[in-house]
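Trainee: My questions all concern the structure below.
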Amino acid sequence: MDKQIQAEYRCLLNKTKKQIVEELGQELNFYPYDIWRYRIKENWWGRKTTLLIYFKNETAHEIKIIKHY
């Protein structure tokens, strides 16, 4: 399942911060930071799935999906 979710967001690689804000919204990400978080989903037990986007020179160069409580 994680690989399916990660493949879904792989299209964000090499996009600028402005393009990502247009697609996913700003949420609570501080624009100058190089790591942004987007909550993808939360189950009824409170377990969250979060998308992490790492930027280099204002361009997304890596994405990760993490699950946490």
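The values are calculated or read from the model by the stated rules, or taken from the named source; none is laboratory data. These numbers come from a predicted model, not from an experiment. Note: ideal-geometry Cβ built from the backbone for every residue, glycine included; neighbour counts use all protein chains shown. Side chains included, ligands, DNA and RNA excluded: accessible areas come from the protein's heavy atoms. Shrake-Rupley method; radii C 1.70, N 1.55, O 1.52, S 1.80 Å.
Trainee: Once fully extended, how much extra length lies between Asn14 and Trp44, figured as 0.36 nm per residue of separation less the alpha-carbon to alpha-carbon distance?
Mentor: Between Asn14 and Trp44, full extension yields an extra 7.4 nm.
Trainee: While we're looking at this one, here's another question. Find which of Tyr33, Leu51, Ile66 sits farthest along the positive direction of the dipole of the chain, computed with +1 on the beta-carbon of Lys and Arg, -1 on that of Asp and Glu, about the Cα centre.
Mentor: Ile66
Trainee: So, one more: Could I have the simple spin-label model distance between Glu62 and Leu28, label points 7 Å from Cα toward Cβ, reported in nm to one decimal?
Mentor: Simple spin-label model gives 2.4 nm for this pair.
Trainee: Given a 1.4 Å probe and every protein chain left where it sits, what share in percent of the accessible area of the chain is carbon and sulfur?
Mentor: 52 percent
Trainee: Oh, and also: What FRET efficiency, computed as 1/(1 + (r/R0)^6) with R0 = 25 Å and r the Cβ-Cβ distance, is obtained for Tyr69 and Ile5, rounded to the nearest 0.05?
Mentor: Using R0 = 25 Å, I get an efficiency of 0.90.
Trainee: For the chain, report the accessible area per residue in Å² (1.4 Å probe, heavy atoms, rounded to an integer).
Mentor: In whole numbers, the chain has 73 Å² accessible per residue.
Trainee: Relative contact order (percent) for the chain, with alpha-carbon contacts under 8 angstrom and 6 or more residues of separation?
Mentor: Computed value for the chain: 32 percent relative contact order.
Trainee: Just to confirm a number: summing +1 for Lys and Arg and -1 for Asp and Glu over residues other than Arg39 whose beta-carbon lies under 13 angstrom from that of Arg39, what do you get?
Mentor: +3
Trainee: May I pose another question? Restricting things to alpha carbons, find the Rg to Rh ratio for the chain using the Kirkwood radius for Rh.
Mentor: 0.97
Trainee: Hand me the tally of lysine pairs in the chain: alpha carbons under 13 angstrom apart, and the pair either on different chains or 8 or more positions apart.
Mentor: 6
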